[in-house]
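Below is one structure, written out as structure tokens, with a few remarks after it.
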Protein chains: 2
Amino acid sequence: MSDFSKLAINQFTTLHRWSLTQAIEGYARNGVHAMGIVRDKLQEVGVREARRCLDAHDMTVTCYCIGGLLTDSDPDRFRVNLNETRRAIDEAAEIGAGCLVFVAGGLPEGSRDLPAARARCLEGLAEILPHAREAGVSLALEPLHPMICAFRSCLSTLAQANDWIDALGAGPELGIVVDVYHVWWDPDMERGIERSAGRILSFHVCDWLMDTTDLRLDRGMMGDGVIDIRRIRRLVEAAGYNGYREVEIFSERNWWRRDPDEVVAIAKARYLSDVI
Amino acid sequence: MSDFSKLAINQFTTLHRWSLTQAIEGYARNGVHAMGIVRDKLQEVGVREARRCLDAHDMTVTCYCIGGLLTDSDPDRFRVNLNETRRAIDEAAEIGAGCLVFVAGGLPEGSRDLPAARARCLEGLAEILPHAREAGVSLALEPLHPMICAFRSCLSTLAQANDWIDALGAGPELGIVVDVYHVWWDPDMERGIERSAGRILSFHVCDWLMDTTDLRLDRGMMGDGVIDIRRIRRLVEAAGYNGYREVEIFSERNWWRRDPDEVVAIAKARYLSDVI
């Protein structure tokens, strides 16, 4: 039995060669009816056309990528990203996304003050939350791998994401993305997932390649690397998560260069052999 | 006042262009009288010649690099690395090194079982400790950055290193290396350093480059990156550490290509401007 009812594909997986409408059509053509949407790609076609196409292909939007980057100490730049995140929340609402993926941001230019960047992001989150609540959109905090802490995300672990949510005292408008790529190495992962019970809004899969050549854009297809994906899926599900398993692969040297139909077909096969 | 009495240089910093005797002479010529020694480099010249040269230049050996890699499930390969680590302990004793740096090892070939790799390494540590005790050599566990978890070190955080030492119930023959490169991103770093009080055997400095291009061999000179080195030094010293600050830079694209005398001179200048 090949059950793909909980398979989703994040649009980043076919970033270079498919527009949003092509991705919606392509995933649906391959029997995949849930997807994460990339903001730049939505903006190319516009919300109205996207909705029409999503509806026509019975496509569920799991998550919208991304909002955040709220670490700037400079008030103007901070304000710019707050407003961008507000707009992203509105767009997420308009396309009926399950959540908006929130990426914290790295160190502001010229800064070495990581505690300050973290405090600033928490401040920004507090400021943006009422807007998310009103729009009925959940923000999904995604801890990203420590190797991209400097330039992308000062939010690095599940423990930290849970600490932030505790500190904000937030309700269902704030949750967590668990991406195996970002958490698999963490000696505290089990506890981090347990603590995330009731907060997991999205579960992303891909693989860690033994010969990784790039800090951000060299992820592997499930089964090509060393992550015990099935084990992490079970932990996430033991913590009560019952949603989609979403394939998200950034791959400049391999998957982004290939025919997207082939990528989707392989992702489906690997979903069966290495995820469920 | 330029006080270099606590400056040490790890031989990895001048790996390609100086042999061990050249490094001893070169560091001393530049007024640096403490160094970490790389095992391959010691083996090239032999213990006797190394000791003669170290004594002639009044050189203190801070640490010896490395022993460990004890994650293999295969009993033969595990035994090989146990024996290598025993030999490294003996060599560390013979050159009077302050400690032997212990690198855990990554996933065994073909394995995705990270918990098993960790358990195996802990087993290996327990087996090797009596030998370290007898030889009077301390093992310094070095948590390495999560980005090299797969192929180099399943020991990734200070919390984990402290958990391991607690689990082994070890005495002064087991401690920790704090390297700013490996710990700077950790949201739990402050607590990790506090917990390491009385256990810190070595403190290593370099910098994290914003445009890092390699997972292992692209470290920066202090001041060229984004780590608040001075802050981490103060935390380590607040935890009771009063030893050397050791410059350790792996840099295939830059520092390893340059004249080692120039590298040492720049390291000294940056020690004053960015470390103490």
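The values are calculated or read from the model by the stated rules, or taken from the named source; none is laboratory data. Source: prediction; values computed, not measured. Because the Cβ atoms are built from the backbone with ideal geometry, glycine has one as well, and the counts that use them run over all protein chains shown.
Tabulated values for the structure
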read-out	value
First in region A:101-116 and at positive phi, second anywhere and assigned to a strand (DSSP E or B), Cβ under 7 Å, 6 or more apart	A:Gly105/A:Gly68; A:Gly105/A:Ser153
Positions within region B:47-80 being without any contact (Cβ under 8 Å) to a residue 12 or more places away in the chain and under 18 Å from B:Leu100 (Cβ atoms), in sequence order	B:Val80
Criterion: more than 12 Å from every other protein chain (Cβ to nearest Cβ) and more than 21 Å from B:Tyr64 (Cα to Cα) - qualifying residue of B:Arg231, B:Arg258	B:Arg258
Subset of region B:234-256 [part of a helix (DSSP H, G or I) and out of contact with any helix residue (DSSP H, G or I) (no Cβ under 9 Å at 6 or more places or on another chain)]	B:Arg234, B:Glu237
Region A:132-156, subset in a loop (DSSP other than H, G, I, E, B) and more than 17 Å from A:Tyr181 (Cβ to Cβ), residue farthest from the other protein chains (Cβ to nearest Cβ)	A:Gly136
For A:Ala119: the one exception among (1) touching a residue at least 40 places away in the same chain (Cβ under 8 Å); (2) more than 10 Å from every other protein chain (Cβ to nearest Cβ); (3) out of contact with any Gly (no Cβ under 7 Å at 6 or more places or on another chain); (4) not in a loop (DSSP other than H, G, I, E, B)	(1)
Any chance B:Arg219 is under 24 Å from B:Leu125 (Cα atoms), of a type in the set (Lys, Arg) and within 14 Å of chain A (Cβ to nearest Cβ)	no
Neighbours by Cβ (under 7 Å, 6+ apart or cross-chain): first from region B:168-196, surrounded by fewer than 23 Cβ atoms within 10 Å (Cβ to Cβ) and modelled with pLDDT of 95 or more; second part of a loop (DSSP other than H, G, I, E, B) and among the aromatic types (Phe, Trp, Tyr)	B:Tyr181/B:Trp208
Residue that is within 13 Å of chain B (Cβ to nearest Cβ) and more than 27 Å from A:Met35 (Cβ to Cβ), where the choices are A:Gly124, A:Gly110	A:Gly110
